[in-house]
Structures are given as C-alpha cells and as structure tokens.
Ligand code: TXA
Ligand code: MG
C-alpha cells in the first residue's frame, strides 16, 4: 500500500473507509497509528489481525475533543479534566473506567479504556470528518519498532491496511505518556514526552509507578515476548542491540572488530569514525530531538545486515526517561535473543 498525501479529499475517503469497517493508518504527533472504528468490534478485530497482536492487548481510542471523553468513560474524574485541559491535544493517553457500550474488543477484555486526543492536524481532521472514536495502536507489526514516517507503515503492513495517510515525519517520535486514572491513585504506566513532573505539577500529587508484576502496558519497541508463529512470512529478525556507557564503547568496538563483527553504532555524543566494519549514526544531543529521530535510526541500522547494534547510553535524567525506557526494551529483547 502506497502512502497518500493527506489532503481533504484523501481524509474524506479515509473517513468513508473507517465507516465501512476498514483500516486506515494515519499520522499523530507521536507515531503513526493503525486506525479502525472503535465502536465496531469487527473493524477492531481487523487491527489485531493486521498487526499479529494478541487480542488481550488493549488499544487507545483517539478522540476529537475533550467533550468526547464522556462518550467513552463512565466517570470522568477531576484529574482527567485537569490533564486534558493542560495537555490535549497532545502526547498523553489516559486510562479511565469504560462505559458499558465500549466494545471489549477495544479494551482487551478490561473494564477500562485508553483515551487520547492527538496533536496532529491530519489526525484531528480525520477524527472530525469521521465523527467517532478511532481505535489505533502504533501501525507496526507486533514486536516491531513503531513507525514515525508513512513509508515505515508501508514497509510494516503492506496491503494489510486499506489506506495510509501521509502527514510527514512525526514530531515527538516516541509513544504517548500513559496515565492510569481508573483507580484511587494516578499511576504512570508508560513514560513519554510529557514528563512525570509536568503531570505531578498539574495534579498536585505524586504518581505511582506500577510494580513489575502488575499489568503494565506492553513494551513499545519490543511489544513483549516474540511469538514466532504470529510473525509475517517475511519477518526479518531484529539485529541484537546493546546499550553501552560512552567510556566503555571504544574498547567494546575494538574487541568486536577483532572478532570480525560488523557493527552499527548509535551515538549522540561520542565521535567515532566509520570504517567498513563500523557504521555510525549520530543522533541529536538534546533528548526531544533524539527521541524524534530514534525509531527511524533504529530501522536504518536494522536494515544494514549488521551483527550487532551498539547504543551509546544516554544520561539517566528525567528528560531522557522515555528514550531510556524504549532503548532498554529494544536492547533487552536483543540480549534475550543472543
Ligand atoms: O502515542 C501513542 O499512544 C500511539 C499513537 C498511535 O497514538 N499509540 C500507541 O498504541 O502507542 P499502542 O497500542 O501501540 O500502545 C498502547 C498502550 C499499550 O501498551 C496498551 O497496553 C496500553 O496502551 N493500554 C491501552 N488501553 C489500556 C487499558 N485500558 N489499560 C491499560 N493499558 C492500556
Ligand atoms: Mg505499539
């Protein structure tokens, strides 16, 4: 499926497709989403099929405005209104208790629903034209990197999607911050561009962080365990990746070269010359700019048929929290994979 420039005509056609229960990929400010009519369980089932994603993984419902919260949530707590007023449209998703009519297909069988008003003119125009909620996970196959450009979606989903709206490269580049407001205390489920401190400042309360054993959202780059039976036929294994502190990188690289390995280096500060055995991609030194380019860079390195990707470890500060979270997941799977 070739991406189509998201002009008014294309957006009208996309809204029609959604009404027919078909799948439309569209840009948001975070990553591209794979959208379906959130009120149509058959359409939603199509998302899981196209992604190869297990049916118990809940989806985020995208909405056109703050008032639409009341169409999906049985209770809209004060905290949700405060956060929506401050951060929407924007890269924040909120988990609320669902209304009885919200299909369980959308919520992965749970009594809660994820809601977000995205900050992208194409996504907002599509939502307005369509007139309902659009369920949309990231438009990648299960276990793959989220797409931040329309061409990534074509590479990922091929003809499993009915239309791909091209709205350029995503500005934020990592998935939304997720806050669970369905319980007695607000919990941070997924770090993102909007930081814990920004949210705590609005809510005037500390956010809880779920323990590893509780139901956390799926990791983003790796989307949990690999399920080989569910992969597309042409699934290419992800190149193993290792996070490495800058001071240890030169020795590590020397050792790998001596072992005859072809390596990719994803750096942001370290300046190492490229050779036939070492490919170098350098990302910006500022966290938000780094995040914006991260997934495209990982995709590029992954396509180079390297033995290993070395990632220069960014600082362990709050500004880098979302990036470190995604890098941790990318490298963790790789290590588990050898
Ligand atoms: O930035 C984003 O949020 C992107 C764009 C397209 O909006 N979407 C996205 O969707 O990242 P997805 O499905 O790849 O990730 C959504 C995460 C999943 O980890 C899921 O487990 C969690 O949100 N989630 C959704 N509904 C939930 C619920 N009711 N309870 C707990 N977690 C939920
Ligand atoms: Mg995802």
Cα gyration tensor category, rounded, prolate or oblate, for the chain with a/c compared to 1.5: prolate
The range 4-203, relative contact order [Cα under 8 Å, separation at least 6], %: 32 percent
Tensor-based shape of the range 1-143 (alpha-carbon gyration tensor, a/c under 1.5 rounded, otherwise prolate or oblate): oblate
Computed over the chain: relative contact order in percent, which uses C-alpha pairs under 8 Å that are six or more apart: 20 percent
The range 241-334 shape via C-alpha gyration tensor axes, a/c threshold 1.5: prolate
The chain - share of DSSP beta bridges that are antiparallel (%, nearest 5): 40 percent
The range 241-334 - percent relative contact order, Cα under 8 Å, separation 6 or more: 42 percent
Computed helical MRE - 222 nm, the chain, DSSP H runs ≥ 4 contributing -39500 (n - 2.57), nearest 500: -9500 deg cm²/dmol
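Each value in this text was obtained by applying a stated rule to the coordinates, not by laboratory testing. Since this is a predicted model, take the numbers as computed values, not measurements.
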